[in-house]
Amino acid sequence: MLVKNLCHRLIASALVAGMFVAPIFGANVAVAQDAKQETVVIAHRGASGYLPEHTLAAKALAYGMRADYIEQDVVLSKDGVPVILHDIHLDTTTDVATKFPGRKREDGRYYAIDFTLDEIKSLTVTERFKADSGKQVYENRFPMEFGIFKVPTLEEEIKLIQGLNRSTGRDVGIYPEIKNPEFHRAEGQDIAKAVVSVLEKWGYNNPASNAFLQCFDWAETKRIRTELNYQGKLVQLLGENRWGAPEGTDYDFLKSDEGVLEMAKVVDGIGPWLPQVIEGLSENGTAIMTPTLIAAQRAQLMVHPYTLRADQLPKWAGDMDIALKAIFDDAGIDGIFTDFPDQAVEYLARNPDA
Ligand code: CA
């Protein structure tokens, strides 16, 4: 913990002294940037609390808010191009139902994999809305009637982040997630192979690369490491079996001490659902850590839970600071996926001992 505390102090001084010091004391800032890897803020779908998820605008804003990593959820188009969408469906973040009314499947949904990249590019992306009512999910976020965005490809987003890294001199990482490999395979496509190939092309295929590759499908995570020989940092996401686990994935097992040790043989970190690592607060107001969290820390796995939202806080947290204190200061968690990266970055700057 001493090292960690020192790191945070360095980050805080770098943030306070900040950009003014950088040109003169370059070495100090470099130290702080290295140290910052200890505790990271991951912009969940970009700065999605402020702009529609997975738009380049939301990613640029997250970059400007000084997130350490920016997340990309990846699915494939009909012509096999990795595009940035949270769902395999297009109908709760785009106007696909208006533009292509005849293209839904029998279940009433529109699937990205049924549309070519050109067709997907013709769509307008908006703030997420509910399929049944058409109402936006988070009502106080960006107005869904302002449709001024497009679906980016994975390569376009990498260009945005690498371009900003060049123009700012910073080193912000990417955090792609391979979505539903089982579904893609049933459609005749190998999404993991397609994504790994893009990551290789852009220099993200070694342990030092500033990237984490994540997947909910445990069998696929192992395949990415072995068969696809991916050398970069890997994160196993954890869900609950009751949500419908992919074949070959048993989250109850993965959450156990034995499961954690199995994961540690393959991955660098885990991405649990926040309630899987913090149960709530004790009477004295400190975080109650779960056995899974304790096992993961003992196994020296990085722990990056999802998702902290200022407009949908955990029941036990009255505000963002209470949640962030529990996560970083009490539980010693390494990073957080959040829709509000600015608030987590500011918290870490204000609380150098976290
Ligand atoms: Ca994700």
What the 10 Å binned alpha carbon P(r) of the chain shows, as percent of pairs per bin from 0, is 5, 24, 35, 26, 9, 1, 0
Treating only Lys and Arg (+1) and Asp and Glu (-1) as charged, each at its beta carbon, one finds that segment 80-165 has a dipole about its Cα centre, in Debye to the nearest 20, of 100
Residues meeting the amide H criterion for D73 (H placed from the backbone, H to H distance under 5 Å, 5 or more places apart or on another chain) are L85, E177
If the label point sits 7 Å along Cα→Cβ of A186, residues of segment 218-236 with amide N under 19 Å come out as 218-221
Magnitude of the Cβ-charge dipole (Lys and Arg +1, Asp and Glu -1) of segment 125-202 about the Cα centre, nearest 20 debye, reported as 160
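Let's see if you can work this out: charge +1 on each Lys and Arg Cβ, -1 on each Asp and Glu Cβ, no other charges. What is the dipole magnitude of the chain about its Cα centre, in debye to the nearest 20? Please list the in-between numbers first.
On the way: 37 positive and 51 negative charges, 148 e Å.
Taking the Cα centre of the chain as origin, the dipole is about 700 debye.
Sorted by average packing, counted as other Cβ atoms within 10 angstrom per residue and highest first, what order do 269-279, 178-188 take?
Details: 269-279: 21.5, 178-188: 17.5.
Result, highest mean first: 269-279, 178-188.
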Extension length gain for E279 and A131 (0.36 nm per residue less Cα distance), in nm, is 50.1 nm
Between the modelled labels at S122 and A208 (7 Å from Cα along Cα→Cβ) the distance in nm is 4.7
Note: probe point = Cα of A310 + 7 Å toward Cβ; backbone nitrogen < 17 Å; residues of segment 57-87 passing the test are 58-68
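If you wrap a convex hull around the C-alpha atoms of segment 88-209 and split its volume per residue, what is the figure in Å³?
Spread over its residues, the Cα hull of segment 88-209 gives 150 Å³ apiece.
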Taking 0.36 nm per residue of separation between K159 and E240 and subtracting their Cα-Cα distance, the length gained on full extension comes to 25.7 nm
hull vol. (C-alpha, convex hull) per residue for segment 141-216, Å³ -> 149
Debye calc, one equal point scatterer per Cα of segment 207-251, no solvent, log10 I(q)/I(0) at q = 0.14, 0.27 1/Å comes to -0.35, -0.93
Applied in sequence order to segment 335-351, the curve 6.51 cos²θ - 1.76 cosθ + 1.60 (Karplus, θ = phi - 60°) yields integer Hz couplings, x standing for Gly and Pro, of x, 9, 7, 9, 6, 10, x, 4, 5, 6, 4, 5, 4, 5, 6, 7, 10
Of the residues L238, T124, A295, the Cα lying farthest along the dipole of the chain towards its positive end, which is defined by charges on the beta carbon of Lys, Arg, Asp and Glu, belongs to T124
With -39,500 (n - 2.57) per DSSP H segment of 4 or more residues and division by the full residue count of the chain, the 222 nm estimate, nearest 500 deg cm²/dmol, is -10000 deg cm²/dmol
Simple spin-label estimate for Y138/K265, 7 Å along Cα→Cβ, in nm, reads 3.9
The answer for the per residue Cα convex hull volume of segment 53-120, in Å³, is 88
Taking only the alpha carbons of segment 248-349, the radius of gyration and the largest Cα-Cα distance, Dmax, both in angstrom, are 13.6, 41
Counting every C-alpha pair in segment 178-278, the percent lying more than 18 Å apart is 45
Bridge orientation stat for the chain from DSSP, antiparallel percent rounded to 5, came to 30
To the nearest 0.05, the calculated FRET efficiency linking S256 and E145 through their beta-carbon distance, R0 being 51 Å, is 0.60
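Read-outs throughout are calculated quantities, based only on the coordinates presented, and are distinct from any laboratory measurement. Just so it is clear, the structure is predicted and the values come from calculations on it, not from any experiment. Note that we place each Cβ from the backbone using ideal geometry, even for glycine, and neighbour counts take in every protein chain shown.
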